[in-house]
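One structure below.
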Amino acid sequence: MKKVPHSLVCLTLIFTGALLFSFCIGKYPVSPAELAGALWAKARGAKLSGALEAVIFHVRLPRVLAAALVGAALAAAGTAYQCLFNNPLVSPDVLGASAGAGFGAALGILRGASYAGISVSAFAFGLAPVIAALAVSSRSRANPTLALVLAGIMAGSLFSAATSYLKLIADPTNALPAITYWLMGSLAGVRLRDLTFAILPVGTGLAVLFLCRWQLNIMTQGEDEARALGINTRAVRVAVVAGATLASAACVSISGMIGWVGLVVPHFARSFTGQDNRAALPAAMLLGASFLLVVDTAARTIAAHEVPIGILTAFVGAPFFVYLILQRGNRT
């Protein structure tokens, strides 16, 4: 029990370092002293140089906050899903939320919607496949968890096909490149007003997951054992799916499709805290936020043109996914 607080303190320090790193590193470097001075001047209402204020408060602040929010939410959703489905290879898009959000964003871009309109469309359609999966699984006589996963895969596949059709009919000079870039994930267009749109569903979803932490611990023992201990497994399943979907759909609506965070980060978090979700969930949030802060900083600095975040997370996630498969195979 003494290891858990120590681990969370270490992860908090890592997160603080990643936060400082993201603010200071970029095409326009800012020293920690300049950052502290700018924050203090802003708090006192003093004037700053135009360039420094623009870089810190109008460019980096929204991106840094968005990276931390998205990374924490996707990692928490992945942790919850891996426990709910008792499968370490599950990620937040298992029920089709990302595919639905991708279709919603593509539809918004095709119709010429504003950035806000695209975000709203992505969020609404991100919820749609999960709602459909819950409706289908509730009427199935098969194992409820298996039915939910299969229904989610079906719904996600339909929305992916619909997105492909929109790309087929999109204008190849304007709409198609915008859709393609959005689907690869980026925080370049995020502004503070976008964070105000996402913070309520993300906060609500994370609050639900926090309230279900100890039930998730029991659910990992199997549904029969959980029911024997008095857990309403259906209510917990619906609550966890709803919370994870709200958080992940809201994140995807402002950042695009960023994969692998919800798959990879929970495993690293559990290596710090163990399997107890009362510690693993906040650890995953801290580590996910730190991870995406570093990746986003790399995305905007390693090349002359910004690299989509989804490409960089795939370079980390894909090898780790192979490692997980091999490790599970060695245990059988």
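The values are calculated or read from the model by the stated rules, or taken from the named source; none is laboratory data. What you are looking at is a predicted structure, and each value in this text was computed from that prediction instead of being measured. Ideal geometry is used to build each Cβ from the backbone, glycine not excepted, and the neighbour counts take in all protein chains shown.
Out of the residues in segment 295-323 that are hydrophobic (A, V, I, L, M, F, W, C) and outside any helix (DSSP H, G or I), state the one that is farthest from the chain's Cα centre (by Cα). Can you show your working first?
Going residue by residue through segment 295-323, those that are hydrophobic (A, V, I, L, M, F, W, C) are 295, 298-299, 302-304, 307, 309, 311-312, 314-316, 318, 320-322.
With the extra rule that they be outside any helix (DSSP H, G or I), the set shrinks to 302-304, 307.
Numbers: Ile302: 23, Ala303: 24, Ala304: 26, Val307: 18 Å.
Applying the filter and picking the extreme gives Ala304.
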- How many of the residues in segment 275-294 are in contact with a Ser or Thr (Cβ under 9 Å, 6 or more places away or on another chain) and assigned to a loop (DSSP other than H, G, I, E, B)? 1
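Which residue is modelled with the lowest pLDDT, if the candidates are limited to segment 1-45 and must be assigned to a loop (DSSP other than H, G, I, E, B), of a type in the set (A, V, I, L, M) and closer than 30 Å to Leu281 by Cβ? Lay out the reasoning, then the answer.
We begin by selecting, within segment 1-45, every residue assigned to a loop (DSSP other than H, G, I, E, B); these are 1-2, 25-31, 45.
Then drop every residue that is not of a type in the set (A, V, I, L, M), which leaves 1, 25, 30.
Filter once more, so that each one left must be closer than 30 Å to Leu281 by Cβ: 1, 25.
Details: Met1: 43, Ile25: 92.
Checked segment 1-45; the qualifying residue modelled with the lowest pLDDT is Met1.
Within 16 Å of Met257 (Cα to Cα), free of Cβ contacts under 8 Å to residues at least 60 places away in the same chain and surrounded by fewer than 16 Cβ atoms within 10 Å (Cβ to Cβ): does that describe Ser140?
On the way: within 16 Å of Met257 (Cα to Cα): no; free of Cβ contacts under 8 Å to residues at least 60 places away in the same chain: yes; surrounded by fewer than 16 Cβ atoms within 10 Å (Cβ to Cβ): yes.
When the stated conditions are applied, Ser140 does not pass them.
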- Within segment 142-150, can one find any residue that is at pLDDT 90 or above and small (Gly, Ala, Ser)? no
- Item | Condition broken by Val240, with the remaining ones in (1) without any contact (Cβ under 8 Å) to a residue 60 or more places away in the chain; (2) under 24 Å from Ser137 (Cβ atoms); (3) of a type outside the set (S, T, N, Q) satisfied | (1)
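I'd like the full set of residues that are in contact with a Phe, Trp or Tyr (Cβ under 7 Å, 6 or more places away or on another chain) and either at pLDDT below 95 or of a type in the set (Asp, Glu) (or both), limited to segment 65-90. Spell out how you get there, then give the answer.
At the first step, the residues of segment 65-90 found to be in contact with a Phe, Trp or Tyr (Cβ under 7 Å, 6 or more places away or on another chain) are 71, 90.
The answer is Val90, and nothing else.
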- Note on the structure: Over segment 202-237, the set of residues over 15 Å from Ala80 (Cβ atoms) and in contact (Cβ under 8 Å) with a residue 60 or more places away in the chain is Gly222, Glu223, Arg234
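Right, Ser98: touching an Asp or Glu at 6+ places or on another chain (Cβ under 8 Å), assigned to a helix (DSSP H, G or I), surrounded by 15 or more Cβ atoms within 10 Å (Cβ to Cβ) and in contact (Cβ under 8 Å) with a residue 12 or more places away in the chain or not?
On the way: touching an Asp or Glu at 6+ places or on another chain (Cβ under 8 Å): no; assigned to a helix (DSSP H, G or I): yes; surrounded by 15 or more Cβ atoms within 10 Å (Cβ to Cβ): yes; in contact (Cβ under 8 Å) with a residue 12 or more places away in the chain: yes.
No; evaluated as a whole, the condition is false for this residue.
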- Query: Is it the case that Arg227 is of a type outside the set (Gly, Ala, Ser) and at pLDDT 85 or above?
  - Reply: no
- Tally, over segment 86-115, of residues that are among the β-branched types (Val, Ile, Thr) and within 19 Å of the chain's Cα centre (by Cα): 2
